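Here the structure comes first, spelled out in structure tokens, and everything after it is commentary.
Coordinate-derived values only; no laboratory data. Remember, predicted model here, so these are calculated numbers, not experimental data. Cβ: placed from backbone, ideal geometry, glycine included. Neighbour counts: every protein chain shown.
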Amino acid sequence: MRPVEIRPGIYWVGVNDRVTDLFEGLWPIDQAGVSYNAYLIKDEKSALIDLSKEILSDDYLAQLSEVVDLASLDYVIINHMEPDHTGALQRILEFAQNAQILGMPKTVRMLDDFYGLTENITQLANNEELSLGKNTLRFVYTPLVHWPETMMTYLVEEQILFSCDGFGGYGTLDGGIFDGDYADLAFFESEALRYFSNIVAAFSKSVLSAMKKFADVPIKMVAPSHGLIWRKDPGRILELYQTWSEYHRQPAEAGITVLFGTMYRNTEHALNAALEGIAAEGVPVSVHDVRKTHVSHILPDLWTQRGVLVAAPTYEGKLFPPAMDVLMMANRKRVTHKTAAYLGSYAWSGGGQADFEAIAEKMGWQVSQGFGFIGGPKTDGLTRAYEMGRQLAKAVKTVS
Ligand code: FEO
């Protein structure tokens with residue numbers, strides 16, 4: 001895409017990544033892609049806020065060169081050191097030899113750690129301001145949104161928040177860069193939630209702390225480093241992030257995420273009965289087959305629904321491995337405040353239920369019921385599974 005002037009003298013200079021299969025080497029973006037948004041401010045002094053991933057350096061440089069002579073660039077502002085934002089730094093500096101690099105104290109150390117850079121670097125303080133002429137930049141330290149060095153940059157006169165990873169999402173920008181460019185935002189909101197649950201959710205407390213710092217600051221535009229720029233309705237993405245972040249300290253929405261796996265369909269038969277019980281109570285349910293679904297696509301439901309049903313058998317005395325893999329990632333991502341239940345088949349000694357209960361306890365989940373059965377569920381087992389689904393749904397409805 002060509003650069004876009006988002007306000008007089010202020011340009012979006014981002015690139016779409018349709019090449020990378022796994023964001024951070026972990027999270028599938030082979031379908032949705034992602035954008036690396038950077039911003040150039042041309043004033044008496046010129047400043048570039050964030051860069052791009054290294055593999056797209058050529059595209060990024062070509063695009064940037066359309067709007068600025070890099071040799072004249074005064075500042076490169078590093079909101080965040082993760083290489084999806086800084087990979088192009090060394091290439092930029094080959095051309096921008098007079099530029100000062102600006103970042104928080106931990107950024108200064110990381111510039112050396114990652115790129116061996118120790119010169120032409122200015123360390124910033126929290127809330128420090130920098131005048132570029134007509135425009136003033138304020139640097140606000142927002143640690144752990146996403147790394148310990150991360151800051152957001154606020155353009156005072158234009159009331160634009162360059163929020164870096166915060167308020168970002170997966171998904172390439174397909175022609176338009178603003179929320180107002182799309183009639184339907186369902187794709188971007190869904191990919192923002194997936195990105196949040198994959199990347200940011202573990203740092204929800206820090207997101208809320210960061211948002212507090214901007215509580216009394218007027219924001220006309222939220223300009224993150226991934227995904228849409230929110231200009232028509234900047235409050236929308238702030239509200240979504242606020243809601244999602246709150247779920248680290250309170251139960252989420254009334255719904256049940258099912259982590260389902262089966263070897264010979266015995267657990268599946270019991271699950272079908274449990275789902276009927278849940279449906280009888282009218283509670284929304286999302287069934288994920290853990291054998292086939294990447295955890296990236298399960299985490300959004302796990303994060304936003306307060307109920308969990310693990311329906312997976314015992315395998316070699318432990319919980320079915322793909323189900324345990326999801327739970328281990330949930331533990332890593334600090335998925336908590338859940339009301340949960342277990343059902344699953346075993347062949348001789350069981351073990352899946354106890355394995356699940358041990359990790360659920362670690363995460364602080366309330367496990368209300370467990371139903372491990374030998375072989376197939378039989379008629380009384382199906383009745384029990386139905387009732388279990390119903391009781392779980394009732395519990396989920398009453399959690400406050
Ligand atoms: Fe977009 Fe934490 O990197």
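Once amide H atoms are built 1.01 Å from N in the peptide plane, which residues 5 or more positions from ALA38, or in another chain, come under 5 Å H to H?
VAL13, GLY14, VAL15
Mind checking which lysines have their Cα closer than 16 Å to the Cα of LYS394? Skip sequence neighbours fewer than 8 apart in that chain.
Reachable lysines: LYS338.
Show the residues, 5+ positions off or on another chain, whose built amide H is closer than 5 Å to the amide H of VAL285.
Under 5 Å from the amide H of VAL285 lie the amide H atoms of ILE256, each far enough along the sequence or on another chain.
Please give me, ordered by residue number, the GluC sites (Glu not before Pro) of segment 290-396 that lie in loop per DSSP and have at most 12 other Cβ atoms within 10 Å. Walk me through the numbers on the way to the answer.
On the way: sites: GLU316, GLU357, GLU361, GLU387; in loops: GLU316.
In loop regions of segment 290-396 (DSSP not H, G, I, E or B), the sparsely surrounded GluC sites (Glu not before Pro) are GLU316.
Work out, step by step, the length gained on full extension between GLU5 and ARG334: first 0.36 nm times the residue separation, then minus their alpha carbon distance; give nm to one decimal. Mind dumping the intermediate values first?
Numbers: separation 329, 0.36 × 329 = 118.44 nm, distance 3.94 nm.
Separation in residues times 0.36 nm, less the Cα-Cα distance, equals 114.5 nm.
What length, rounded to one decimal in nm, is gained on full extension from SER368 through to LEU22, with 0.36 nm per residue of separation minus their alpha-carbon distance?
On the way: separation 346, 0.36 × 346 = 124.56 nm, distance 3.62 nm.
Taking SER368 through LEU22 to full extension adds about 120.9 nm, to one decimal.
Where is the GNM fluctuation largest for the chain (alpha-carbon springs, 10 angstrom cutoff): ILE359, ILE92, ILE298?
Checking each option, the largest mean-square fluctuation is seen for ILE359.
Does a label point 7 Å from the Cα of GLU387, set along Cα-to-beta-carbon, have any residues of segment 267-302 with amide nitrogen under 18 Å, and which are they?
Answer for this model: 270-281.
Label segment 109-156 by shape, choosing from rounded, prolate and oblate, from the square roots a ≥ b ≥ c of the eigenvalues of the Cα gyration tensor; if a/c is under 1.5 it is rounded, and otherwise prolate applies when a/b is larger than b/c, oblate when it is not. Intermediate values should be presented prior to the final figure.
Values: a/c = 2.93, a/b = 1.42, b/c = 2.06.
Oblate, since a/c reaches 1.5 and b/c is not below a/b.
Can you tell me which lysines have their Cα less than 19 Å from the Cα of LYS45? Leave out same-chain residues fewer than eight positions away.
LYS134
Just in segment 38-109: which GluC sites (Glu not before Pro) are loop by DSSP and have at most 11 other Cβ atoms within 10 Å? Walk me through the intermediate numbers first.
On the way: sites: GLU44, GLU54, GLU66, GLU94; in loops: GLU44, GLU66.
Passing sites in segment 38-109 are GLU44, GLU66.
Using +1 on the beta carbon of Lys and Arg, -1 on that of Asp and Glu, and nothing else charged, what's the dipole of segment 11-62 about the Cα centre, debye to 20? Walk me through the intermediate numbers first.
Values: 4 positive and 10 negative charges, 33 e Å.
Dipole size: approximately 160 debye.
When a/c is below 1.5 the answer is rounded, else prolate if a/b is larger than b/c, else oblate, so apply that to segment 4-246 with a ≥ b ≥ c taken from the square roots of the Cα gyration tensor eigenvalues. Spell out each step's value before the answer.
Numbers: a/c = 1.31, a/b = 1.23, b/c = 1.07.
Rounded is the answer for segment 4-246, as its axis ratio a/c remains below 1.5.
Does segment 326-400 come out rounded, prolate or oblate, given a ≥ b ≥ c as the square roots of the eigenvalues of its C-alpha gyration tensor, rounded meaning a/c under 1.5 and, failing that, prolate meaning a/b above b/c?
Values: a/c = 3.07, a/b = 1.30, b/c = 2.37.
Oblate, since a/c reaches 1.5 and b/c is not below a/b.
Label-point separation (nm) for ARG249 and ASP184, each offset 7 Å from Cα along Cα-to-Cβ?
It works out to 3.7 nm between the two label points.
Rounded to the nearest 5, what is the percent of antiparallel bridges among the DSSP beta bridges in the chain? Walk me through the numbers on the way to the answer.
Details: 30 of 67 bridges.
Restricted to the chain, the bridges split so that about 45 percent are antiparallel.
I need the phi-derived Karplus couplings for segment 77-86: 6.51 cos²θ - 1.76 cosθ + 1.60, θ = phi - 60°, integer Hz, Gly and Pro marked x.
Listing the rounded values in order: 9, 9, 5, 7, 8, 3, x, 5, 9, 10 Hz.
Need one number: nm distance between label points at ALA62 and ALA347, each 7 Å from Cα along Cα→Cβ, rounded to one decimal.
5.7
When the Karplus curve 6.51 cos²θ - 1.76 cosθ + 1.60 is applied with θ = phi - 60°, which whole-Hz ³J(HN,Hα) does each residue of segment 328-336 get, with x for Gly and Pro?
Running phi through 6.51 cos²θ - 1.76 cosθ + 1.60 with θ = phi - 60° gives 5, 5, 4, 5, 4, 8, 6, 6, 9 Hz.
Calculate, for VAL287 and LYS212, the FRET efficiency according to 1/(1 + (r/R0)^6) with r their C-beta to C-beta distance and R0 41 Å; round to the nearest 0.05.
Working: r = 37 Å, r/R0 = 0.91.
Here the calculated transfer efficiency is 0.65.
Using a basic spin-label model with each label point 7 Å from the Cα along Cα→Cβ, how many nm lie between GLN159 and ASP113?
Going from the GLN159 label point to the ASP113 one covers 3.8 nm.
Just rank ILE256, ILE177, ILE199, fewest to most, by other beta-carbon atoms within 10 angstrom.
Details: ILE256 28, ILE177 20, ILE199 23.
Going from least to most buried by this count: ILE177, ILE199, ILE256.
As a footprinting exposure proxy, order HIS337, HIS80 by other Cβ within 10 Å, with the fewest listed first. Could you put the intermediate results ahead of the total?
Numbers: HIS337 16, HIS80 25.
The order, fewest Cβ neighbours first, is HIS337, HIS80.
Hey, what do the phi angles of segment 354-370 turn into as Karplus ³J(HN,Hα) couplings, whole Hz, using 6.51/-1.76/1.60 and θ = phi - 60°, x for Gly and Pro?
Listing the rounded values in order: 5, 4, 4, 4, 5, 6, 4, 4, 4, 8, x, 7, 8, 9, 8, 8, x Hz.
Sort 276-287, 117-128, 300-311 by the packing proxy (mean of other Cβ within 10 Å over each peptide's residues), most packed first.
Going from most to least packed, we get 300-311, 276-287, 117-128.
Determine, for VAL207, VAL367, the number of other Cβ atoms within 10 Å of each Cβ, and report the residues in order from fewest to most. Let's see the in-between values first.
Details: VAL207 25, VAL367 17.
If I rank by nearby Cβ atoms, fewest first, I get VAL367, VAL207.
Given segment 32-114, what percent of its DSSP beta bridges are antiparallel, to the nearest 5?
Numbers: 4 of 10 bridges.
Here the antiparallel bridges make up roughly 40 percent for segment 32-114.
Which order do peptides 9-18, 133-142 fall in by mean Cβ count within 10 Å, highest first?
Details: 9-18: 21.6, 133-142: 19.2.
Highest to lowest by the protection proxy: 9-18, 133-142.
For the chain, what does the relative contact order come out to in percent, with C-alpha contacts under 8 Å and a separation of six or more?
Details: 890 pairs, mean separation 47.7, N = 400.
12 percent.
Suppose the chain between GLU276 and THR122 were pulled fully straight at 0.36 nm per residue; how much longer would it get relative to their current alpha carbon spacing? Before the final figure, lay out the partial values.
Numbers: separation 154, 0.36 × 154 = 55.44 nm, distance 6.17 nm.
Here the answer is 49.3 nm.
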